[in-house]
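Peer 1: This is the structure I have questions about; it appears just below.
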Amino acid sequence: MTRHVLARVDDFTDREVRRIEAGGKPLCVAQVDGRFYALIDRCPHGGAPLSGGRLTGTVESDGPGHYRLCRRDEMLKCPWHGWEFDLATGQSWSDPKATRTRAFAPSTVEGGDLVKGPYVAETVPVEVDGNYVVVDLP
Ligand code: FES
């Protein structure tokens, strides 16, 4: 493993997403509420640079007409087709088979019952070492 310095911590503004090359790999690095995240900067769906996406959150609902925004800016929306990836795990919660326009009877389910999508963006562990944001890459 080789340690790579990505940037100074102070160089990032809160909720910034930036592409940084390290060890020949393009990374999508984001800071949210002082926590840093890194993904390989390639969407597993169609190859878009995830660093061109925007941060978003999740929505929880107790029933029709009642919803609340959660996990503000902890998801990254791909710039090409809008699929959303969890910054911490890379997991997408979009299922391409469910994106067709069809009519369904409305129902509610617990968050834990949602089905994961087939795509997972590749995450890279990122940490703060002193004043620097660093990753260890093979
Ligand atoms: S390329 Fe990212 S959602 Fe399609």
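Peer 1: Which of the residues belonging to region 39-52 are open to solvent by 40 Å² or more (accessible area, probe 1.4 Å) and either among the basic types (K, R) or in contact with an Asp or Glu (Cβ under 6 Å, 6 or more places away or on another chain) (or both)?
Peer 2: Scanning region 39-52 gives R42, P49.
Peer 1: Does P79 fit the bill of being modelled with pLDDT of 75 or more, part of a loop (DSSP other than H, G, I, E, B) and either more than 10 Å from the ligand (Cβ to nearest atom) or under 14 Å from the mean Cα position of the chain (by Cα) (or both)? Don't jump to the end; show me each part of the working.
Peer 2: Values: modelled with pLDDT of 75 or more: yes; part of a loop (DSSP other than H, G, I, E, B): yes; either more than 10 Å from the ligand (Cβ to nearest atom) or under 14 Å from the mean Cα position of the chain (by Cα) (or both): yes.
In short, yes.
Residue-by-condition table, conditions (1) modelled with pLDDT of 90 or more; (2) not in a loop (DSSP other than H, G, I, E, B):
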| position | (1), (2) |
| --- | --- |
| R42 | yes, no |
| C70 | yes, yes |
| T89 | yes, no |
| F104 | no, no |
| V109 | no, no |
| P118 | no, no |
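Peer 1: Just to be sure I understand, how many residues within region 40-50 are within 20 Å of V135 (Cα to Cα) and within 12 Å of the ligand (Cβ to nearest atom)?
Peer 2: First, the residues of region 40-50 that are within 20 Å of V135 (Cα to Cα): 40-43, 49-50.
With the extra rule that they be within 12 Å of the ligand (Cβ to nearest atom), the set shrinks to 41-43, 49-50.
Qualifying residue count for the region: 5.
Peer 1: Next question, about the same structure. What are the pairs, 6+ residues apart or on separate chains, where a residue within region 1-20 that is farther than 21 Å from R42 by Cβ has its Cβ under 9 Å from a residue that is among the polar types (S, T, N, Q) and part of a loop (DSSP other than H, G, I, E, B)?
Peer 2: Note: pairs meeting the criteria are R8/N131; V9/N131; D10/N131.
Peer 1: So which of S61, S94 ends up being open to solvent by less than 100 Å² (accessible area, probe 1.4 Å), at pLDDT below 90, touching a strand residue (DSSP E or B) at 6+ places or on another chain (Cβ under 7 Å) and within 16 Å of the ligand (Cβ to nearest atom)?
Peer 2: On the way: S61 fails: within 16 Å of the ligand (Cβ to nearest atom).
The conditions single out S94.
Here is a yes/no grid of residues against (1) surrounded by fewer than 19 Cβ atoms within 10 Å (Cβ to Cβ); (2) among the charged types (D, E, K, R):
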residue	(1), (2)
Y37	no, no
R54	yes, yes
R72	yes, yes
H81	yes, no
L87	no, no
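The values are calculated or read from the model by the stated rules, or taken from the named source; none is laboratory data. Quick caveat: nothing in here was measured; it's all calculated off a predicted structure. Counting neighbours? That spans all protein chains shown, and the Cβs are built from the backbone with ideal geometry, glycine included. Quick note on the areas: whole protein, heavy atoms, side chains included, nothing else; ligands and nucleic acids left out. Shrake-Rupley method; radii C 1.70, N 1.55, O 1.52, S 1.80 Å.
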